[in-house]
1. If S51 satisfies all but one of (1) polar (S, T, N, Q); (2) in a helix (DSSP H, G or I); (3) modelled with pLDDT under 90, what's the number of the condition it fails?
Amino acid sequence: MQNILRHEMTEYDSLLLRGEDRKTARKKVQPRINAILALWSKPAKAVSSDSPVGCKPPEAILFVDRFV
């Protein structure tokens, strides 16, 4: 699962393309992977649709700071 998250939901591949070595790139993206897994492991809560989080899928929330 972490491999999929690393490639699909982090800047890992971009780091590699910019010349970062794999070990360093993995170390940089691991906190994001941990956050995604932690979010997904929490039980779902009933949230109103006008809530800031609403019923959006986790990736919609997590990509907000992707390019910051």
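The values are calculated or read from the model by the stated rules, or taken from the named source; none is laboratory data. Keep in mind it's a predicted model, so treat the numbers as computed, not measured. Methodologically, a virtual Cβ is constructed for each residue, glycine included, from the backbone with ideal geometry; neighbour enumeration extends over all protein chains shown.
1. In the conditions (1) polar (S, T, N, Q); (2) in a helix (DSSP H, G or I); (3) modelled with pLDDT under 90, S51 misses (2) alone.
So that you can scan it fast, the table gives a plain yes or no per residue for (1) surrounded by 11 or more Cβ atoms within 10 Å (Cβ to Cβ); (2) part of a helix (DSSP H, G or I); (3) modelled with pLDDT of 90 or more:
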residue	(1), (2), (3)
H7	yes, yes, yes
S14	yes, yes, yes
A44	no, no, no
V47	yes, no, no
